[in-house]
Structure formats: structure tokens, C-alpha cells
Amino acid sequence: MSPRPVELGLRENLAQFSLLVAINAFVGAMVGLERSTLPLIGREDFGLTSKTAVLSFIVAFGLAKALTNLAAGSLASRAGRRRLLIAGWAIALPVPLLIALAPSWEWVVAANVLLGVNQGLAWSMTVVMKIDLVGPARRGFALGLNEAAGYGGVALAAAASGWLAAEYASRDVLVVAAAVIAVAALTLSVLLVRDTAEHVALEQSRQPDAAESPPPLRRAFPDATWRRPALRACSQAGLVNNLNDALAWGLVPLFLTANGANVAQIGLIAGLYPAVWGLGQIWTGHWSDRVGRKLPIVAGMLLQAAALGVLAASDGKVPIAVAASVLLGVGTALVYPTLIAAISDAVSPVARAPVVGVYRFWRDMGYVAGGVVAGVVADAVGFGGAIAVVAALTAVSGLWVAFDLPGSLGSPRPASDRRPEVVPMP
């Protein structure tokens, strides 16, 4: 039987694409389990009172994930996407064990270092492999589906763990569910996932400079960080987006608890935000394929800022927090898949993994910045002040994209420009 020819496209690669969507839902669920429970575990099981100390697990997670993204982008072409995906799930296996046996909060922080490595490898590879499979024409839609699955997993796990934690010990819920997810995802990755190197080679063969090699990190890093406006604007927006996500993850449950919300209500709000974010990305990614990347990114960042402003002024009232959570989810849905699509548009296929790795490094450094900023400011001026500061930073980031990202704001891309601009790396 002759091997099946390599083709680009969503329909042509539907089975592998769907499998990677399912695996990314597991990736998201690993993080979602912590959103309702871990800040409360820090307070109830380990007696932490400092907001900065509680949020230390987010700092550790974000730093580990950011550095792993950087390494994964560089290693993807040499080691292979599939191998890195499997390695990411193998590294997740000790996470529930460390949390179950933890005699101190430092063990939980160490578990989140491993979780960050898992997320950096597994999520990065599912993103890059889906882009490899579909080719340029429907990139935004493919990324919308990918991120929808991941954050759908976050939402379901956050809501379910919050509901179960109202009946059972928070730590027991987190440990059992994380163990089941890690084993299932590792099994699927080993048995069913195929590498996408041949798809990358096919797409690259159609480029003007088909002989281009993947850029080394020493070139990809400055290009994505400051040299090229399209990449620079997206990298800073990604960082600020995850800065406000760190606040939603680590500080909002404490803010709501301090104002009388119960665990089930916190689980609802913690799950609603990524649910709206996740489902909305299916449409927003597709929309950005038609109107360009700039409008969704700018609108999304400003909408996030407005949502955080509403939350800061809410005094922790649950109905207002629910509305702010929905608004924040809509804003993030506009931004999240569009930023990765904009990065992918601006580089050639062989440069994609290294440059996306640098972007994801800066994006996940937002967890580090968010954990530090939110914790320190909340300790100094309270929850409302910390949320307001992050709202202002988010608005500034949106205006940065409006001025720095090439292209006009609000004008659909002409038909001749719907195929992404591909700029060879120097």
C-alpha cells in the first residue's frame, strides 16, 4: 500500500488536526484545574496571607513556560514536533504527585515549574503542528479552533474543579483530575500523533526562497522582540494579555473571597471567562482571516481594559464580576489567536517555529510580570488598585498595537492580500 501523499489544508488533514485539538483541550484542562483551587489551597492548607506569596506559583509557572517556549521553538525543527509533545506530557506526570505530597508551599511552586514546562512544550507543539497542517489560507481559523479547544479545556476544568471543591477537599480534586488528564494525553500522543515535518517542507518548497534555513535563536529573538514592528507589536501585546490573565487566575479568586463569594461562585466566574474566550476564538480567528489582524487585536486589548476597569470598581459583587468576566473573555478571544496568526503571517514556514517560540516566550513572561505586579500592588493598595493598574497597562498596550503594527485599522484586506505576507528571515 503506497503512503498517503502529503497535502496542506484543514479538510485534507482533518483526522490529525482533530486529534491535536483534543490533546490541546487536555493541555488547557491541566491549567484550568488550578484556577479555582490553587489560590484557595495556598490560603487554607498552607496558611498563606501575603498575596505576593500566593501568586508565587504563577510566577514560577510563567517563567518555566516562557523559557520552555523559547527552547521549544528552536528545537522543533531538530528534535521534531512530536517528540517535544510527548516529552511535555511525560514531564506533567509528577505534577499531581508533588501537589499531593507537598508538606510546604515550595513543593507546590516546584510542581508549577514542571507544569510550565509541560505547557510550554505541549501547547507550543500543538499550535505549530496545526499551522503546519492547514497551510496559509485558513491559518486564523485553525488557530481559533486550537485556542478554543485549549481554553475550553481551561473553562470546563476550572468550573468543574470549583464545583467539586465545594463538596470535597480542593487538593484531592486537583490531584486526581490532573493525574487522569496527564496519563490520557501522554497515551494519545505516543500512540496516535504523527510529526508534521513533511508538511513544513511542502509549504516551504512553494516559497520564493525555498532553500531558506530555520533562523538561529540569535536572529529570531531580536527580530521578534524589537527589530521588526509587526513582530514587536505582537510580542508586547502578548505579554500584557497574559499579565492580565495572571491577575484573573491568581488575584480575582482572592478578591471575590474577600468580598463574600463562595467557592462555587468563584468556580463559575473562573470558568466563564475562559469559556467565552475559548468559544469566541472560533469566530474571531476566522474573522481575522478576512479583515486583517490589526483591528481584532486593538479592539480586543481595549475591551480587556474596559472589563478590568469594571471589575476594579465592582467591590467584588458577583453579578458585576460575572459581566466583567464575559467582557474580558470577549476581548481575549479577539486577541489571542490573532496575535499568533499575525506572527505566522510575517515569516516564512521554516522560520515559524523559532519566531513563534520567541513570541510565546514574551507572551508567557506576562505571567511572571502579572504575578509580581498584581501581588505587590495588591499588598500595597488592595485588590481594586491592582486590577485598575493592570487595566491601564492593557489599554496602553492596545494603543501601542494601533500605532506600531503595520496596516490600516478597520479596513478589510484586499483579496490579493488574503494570502499571508511572507518575509524571509535575514
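The values are calculated or read from the model by the stated rules, or taken from the named source; none is laboratory data. Keep in mind that what you see is a predicted model, and the values were worked out from it rather than measured. Cβ placement follows ideal geometry from the backbone for every residue including glycine, while neighbour counts extend to all protein chains displayed.
Across the range 165-219, the qualifying residues are those that are of a type in the set (Ser, Thr, Tyr) and farther than 17 Å from Leu8 by Cβ, and the one among them that is nearest to the chain's Cα centre (by Cα) is Ser189. With the structure loaded, tell me whether Ala230 is at pLDDT 90 or above and either in a helix (DSSP H, G or I) or in contact with an Asp or Glu (Cβ under 9 Å, 6 or more places away or on another chain) (or both) or whether it fails that test. For Ala230, the condition - at pLDDT 90 or above and either in a helix (DSSP H, G or I) or in contact with an Asp or Glu (Cβ under 9 Å, 6 or more places away or on another chain) (or both) - is met. Of all residues in the range 159-172, one or more are closer than 29 Å to His286 by Cβ and buried (at least 16 other Cβ atoms within 10 Å of the Cβ). Annotation note: Cβ proximity below 8 Å between a residue of the range 119-139 that is free of Cβ contacts under 8 Å to residues at least 12 places away in the same chain and a residue that is in a helix (DSSP H, G or I) and crowded, with 24+ Cβ neighbours inside 10 Å (sequence gap 6+ or interchain) occurs for no pair. Against the condition modelled with pLDDT under 95, among the β-branched types (Val, Ile, Thr), under 24 Å from Ala342 (Cβ atoms) and in a helix (DSSP H, G or I), how does Ile266 come out, does it pass? For Ile266, the condition - modelled with pLDDT under 95, among the β-branched types (Val, Ile, Thr), under 24 Å from Ala342 (Cβ atoms) and in a helix (DSSP H, G or I) - is not met.
Are any residues in the range 14-52 modelled with pLDDT of 85 or more and among the β-branched types (Val, Ile, Thr), and if so, which ones? Matches in the range 14-52: Val21, Ile23, Val27, Val31.
Of all the criteria given as (1) more than 22 Å from Asp223 (Cα to Cα); (2) at pLDDT 90 or above, the one not satisfied by Arg363 is (1). Do we have any residue at all in the range 283-296 that's touching a helix residue (DSSP H, G or I) at 6+ places or on another chain (Cβ under 9 Å), free of Cβ contacts under 8 Å to residues at least 24 places away in the same chain and not in a helix (DSSP H, G or I)? So far as the range 283-296 goes, no, none of its residues is touching a helix residue (DSSP H, G or I) at 6+ places or on another chain (Cβ under 9 Å), free of Cβ contacts under 8 Å to residues at least 24 places away in the same chain and not in a helix (DSSP H, G or I).
Report yes if Arg81 is within 24 Å of Ala137 (Cβ to Cβ) and basic (Lys, Arg), otherwise no. Show your work before the answer.
Values: within 24 Å of Ala137 (Cβ to Cβ): yes; basic (Lys, Arg): yes.
Yes, satisfied.
Has the range 310-318 got any residue that is in contact with a helix residue (DSSP H, G or I) (Cβ under 6 Å, 6 or more places away or on another chain), surrounded by fewer than 24 Cβ atoms within 10 Å (Cβ to Cβ) and at pLDDT 95 or above? Checked against the condition, which is being in contact with a helix residue (DSSP H, G or I) (Cβ under 6 Å, 6 or more places away or on another chain), surrounded by fewer than 24 Cβ atoms within 10 Å (Cβ to Cβ) and at pLDDT 95 or above, the range 310-318 yields at least one hit.
Here the condition is being at pLDDT 90 or above and surrounded by fewer than 19 Cβ atoms within 10 Å (Cβ to Cβ); of Leu133, Leu93, it holds for Leu93 alone.
Which residue is nearest to Ile131 (Cα to Cα), if the candidates are limited to the range 46-81 and must be hydroxyl-bearing (Ser, Thr, Tyr) and in contact (Cβ under 8 Å) with a residue 24 or more places away in the chain? Steps first, answer last, please.
Just the residues of the range 46-81 that are hydroxyl-bearing (Ser, Thr, Tyr), to begin with: 49-50, 52, 56, 68, 74, 77.
Next, from what is left, pick out any that are in contact (Cβ under 8 Å) with a residue 24 or more places away in the chain: 50, 52, 56, 68, 74, 77.
Numbers: Ser50: 42, Thr52: 37, Ser56: 33, Thr68: 19, Ser74: 16, Ser77: 14 Å.
So the residue we want is Ser77.
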